[in-house]
1. Tell me the volume per residue, in Å³, of the convex hull enclosing the alpha carbons of the range 122-170.
2. Ignoring solvent entirely, what values of log10 I(q)/I(0) come out of the Debye formula for the range 64-168 at 0.16 Å⁻¹ when each Cα is a single scatterer?
3. Quick one: Debye curve from the alpha-carbon atoms of the chain only, equal weights, vacuum; give me log10 I(q)/I(0) at q = 0.14, 0.15, 0.19 Å⁻¹ to two decimals.
4. With n ≥ 4 as the cut-off for DSSP H runs, can you work out [θ] at 222 nm for the chain, using -39500 (n - 2.57) per run divided by the number of residues, rounded to the nearest 500?
5. Could you please rank 145, 137, placing first whichever residue has the fewest other Cβ atoms within 10 Å of its Cβ?
6. Quickly work out the residue 18-to-residue 2 label distance, labels modelled 7 Å from Cα along the C-beta direction, and quote it in nm with one decimal.
7. Which of 1, 73, 131 has the fewest other C-beta atoms within 10 Å, and how do the rest follow up to the most?
8. Can you tell me which of 71, 174, 39 moves the most in a GNM of the chain? Springs connect C-alpha atoms under 10 Å apart.
């Protein structure tokens, strides 16, 4: 059972309403999710989440498909069901097929050695509390990922961490269908 009731629109603090409006206009979800509505109960918390999202959208040089693959790998590495489902859904919205998402989030590869090396760094980040194996880092660098791109991948990981910790904290109920056959 959820710890923080999902508020009705008229119960949301005024300071959160503009932020929720921005969320509703973003193409990846197009609606306010339970997690986002719960974050809106405390405007500072919602503002922190939105700031992470806006920053990556406005300043990130990675292409959308790479960004969402990193986000989905982050969700999988953290192992929080709400975030796994949300990040897989976002990856699906940018063109990743369900079977591709399953393959790369389970460490079976995307079919692209360069992308897989970046996803290996992200997987290590999630599974080892930020500690990335030197071999994984060197493999990504050898495959052409720049320091800027490697650091940017951490920004997407940060969105997943923020979401994962909050949904665990709030005991957020799932409110979106799975796009993956393994969750059907």
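1. 61 Å³
2. -0.59
3. -0.74, -0.85, -1.30
4. On the way: 9 runs with 119 residues, N = 184.
Result for the chain: -20500 deg cm²/dmol, rounded to the nearest 500.
5. Taking fewest neighbouring Cβ atoms as first place, the list is 137, 145.
6. 2.6 nm
7. Ascending Cβ contact count within 10 Å gives the list 1, 131, 73.
8. Answer for the Gaussian network model of the chain: 174.
Quick note: the coordinates plus some simple rules give every number you see, no bench work behind them. Quantities reported herein were computed from a predicted structural model and do not represent experimental measurements. Cβ coordinates were reconstructed from backbone atoms using ideal geometry, including for glycine residues, and neighbour counts include every protein chain displayed.
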